[in-house]
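Student: Below: one structure in structure tokens.
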Amino acid sequence: MNLSGMQIFKYLPAAKKAEHSNCKECGCPTCMAFAIKLAQKQVTYDRCKYMPKDLKALCAKNMKTPQKTIAIDNLKIGGENVLYRHEKTFVNPTTLAVILDCKDPDFENKLQRIKDFKITRINETMKVNLVILKNGEDYKTNDLCDETVYISEKDFNKLSLIKIVDNNFADTSKKLIEIRQKAILERDENYSNPVYVYLKSTNDLSDLCARASYYLCKYANMLVFEDFDEALFATLMTLRQNIFTDPQKPLQVESKIYEFNNPDENSIVFMTTNFALTFFAVANELENLHVPSYLIVTPAEGMSVLTAWSAEKFTAQMVAKTLKKFNLTEKVKTRKIIIPGLLEHMKEELEEALPEFEIVVGTIEAYAISDFVKNMTC
Ligand code: SF4
């Protein structure tokens, strides 16, 4: 496991009020500063000559890579450093792979379905990551070039991956947890290779989906399916996107003017920030309103409206600059902009910065937009 600065510090001379406390020989002003830098891997442990043997042993263990990364072209598998996402972040999303038999009479059809399949969600377009070609040594993969990676079964079997055949949910999940714990907590090199679960063909797609979802969360680096199913993959990709987001980076959407229900120059104009959750809540309401509208999404590093305002990422000047960039005055004759109800206190400030627009304070919650618009138009 990763040692924290405090865990390291308690072994150092300053914590024990021993000789050489804060001697600065390591180049750090104090033992505490050294401990923090060591925890962040900014210095190596051999910089302190007075470090006790037990801490040296812990640091040496800590230096080992918990899980190796295996690369197939530009596809990376494994490389995880933590058990839980909130500790830092997960690194490489679980690879979703399909095994295809080139001798299957339905091979071309199955391959075409895989090639045609893609989903786009929160600015990310997702495709099947890997196709393993059984009996496919002679298959010309040059003709297949797209974002999906192709590999012959023979080459796939040469990769240093730990295989778990999913015969039983309890056994598979137990093995996955054991392997990840050994790799991360004990830095055990016998368990440092990425793990894949092989899921056999079944008619019970709900059961397959439930098992695969669990393995995706804990702790398969790759799932290999004998069959391809669009609904199954769309579900797993959606789940995977949520599990593998970096908790330190808010999900954000592109900053631009979004259009709903074929708006024209007289349509109503809403505004919000590029925080993904707010955007989808508002966009969903606007889409279902069946009233033509625009939604201006301002750049705010993915922060929600109030957070963006308090972090000065949503100021009147920034809004004015964004509207100028989007050429809003050319796009619409409407001279009203509806801002989120939480930003009511910015009304005057915005009106000063945008003299050609009337600022209308909208709703606090997205679900109230429908009633708000009905009252506005009548
Ligand atoms: Fe503390 Fe060791 Fe650095 Fe001296 S060399 S300040 S004892 S960490």
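Student: May I ask for log10 I(q)/I(0) of the chain at q = 0.13 Å⁻¹, from a Debye sum over the Cα atoms as equal point scatterers with solvent left out?
Tutor: Here log10 of I(q) over I(0) equals -1.04.
Student: Of the residues LEU58, LEU111, LEU100, which exhibits the maximal mean-square fluctuation in a Gaussian network model of the chain defined by a 10 Å Cα contact cut-off?
Tutor: Its mean-square fluctuation being the largest, the pick is LEU58.
Student: So what is the 222 nm mean residue ellipticity for the chain from helices alone, if each DSSP H run of at least 4 adds -39500 (n - 2.57) and you divide by all residues, rounding to the nearest 500 deg cm²/dmol? Intermediate values should be presented prior to the final figure.
Tutor: Numbers: 14 runs with 136 residues, N = 378.
That calculation yields -10500 deg cm²/dmol at 222 nm.
Student: Could you work out the equivalent-ellipsoid semi-axes for region 63-184, taking the square root of 5 times each eigenvalue of the Cα gyration tensor, largest first, in whole Å?
Tutor: Computed over region 63-184, the values are 28, 18, 15 Å.
Student: A follow-up question, please. Please give me, ordered by residue number, the GluC sites (Glu not before Pro) of region 332-364 that lie in loop per DSSP and have at most 14 other Cβ atoms within 10 Å.
Tutor: Answer in residue order: GLU356.
Student: Select from ILE70, PHE357, PHE34 the residue farthest towards the positive end of the dipole of the chain; place +1 on Cβ of Lys and Arg, -1 on Cβ of Asp and Glu, and compute about the Cα centre.
Tutor: PHE34
Student: Put +1 on the Cβ of each Lys and Arg and -1 on the Cβ of each Asp and Glu in region 286-339; which of PRO299, PHE326, ILE339 then has its Cα farthest toward the positive end of the dipole?
Tutor: PHE326
Student: Can you report the principal axis dimensions of region 271-336 using only the alpha carbons, biggest first, rounded to whole angstrom?
Tutor: Principal extents (largest minus smallest coordinate, Cα): 34, 27, 15 Å.
Student: Looking only at Cα atoms, what is the convex hull volume of region 230-353 per residue, in Å³?
Tutor: Taking the convex hull of the Cα positions in region 230-353, it is 120 Å³ per residue.
Student: Compute the distance from the alpha-carbon center of region 332-378 to that of region 266-296, in whole Å.
Tutor: Each part reduced to its Cα centre gives a spacing of 12 Å.
Student: Using a cut-off of 20 Å between alpha-carbon atoms, which lysines can reach LYS16, once sequence neighbours fewer than 8 places away in the same chain are excluded?
Tutor: Leaving aside lysines fewer than 8 places away in the same chain, those within reach of LYS16 are LYS24, LYS37, LYS49, LYS53, LYS56.
Student: Another question, if that's okay. Considering the dipole of the chain built from charges on the beta carbon (Lys and Arg +1, Asp and Glu -1) around the Cα centre, which of GLY5, PHE270, ALA210 is farthest to its positive end?
Tutor: GLY5
Student: So what does log10 I(q)/I(0) come out to for region 33-112 at q = 0.12, 0.13, 0.18, 0.23 Å⁻¹, using the Debye formula with one equal point on every Cα and no solvent?
Tutor: Summing over Cα pairs of region 33-112 leads to -0.59, -0.64, -0.92, -1.10.
No value in this document is a laboratory result; all are computed from the given coordinates. Everything numeric in this text was worked out from a predicted model, so none of it was measured. When we count neighbours, we look across all protein chains shown, and the Cβ atoms used for this are built from the backbone with ideal geometry, even at glycine.
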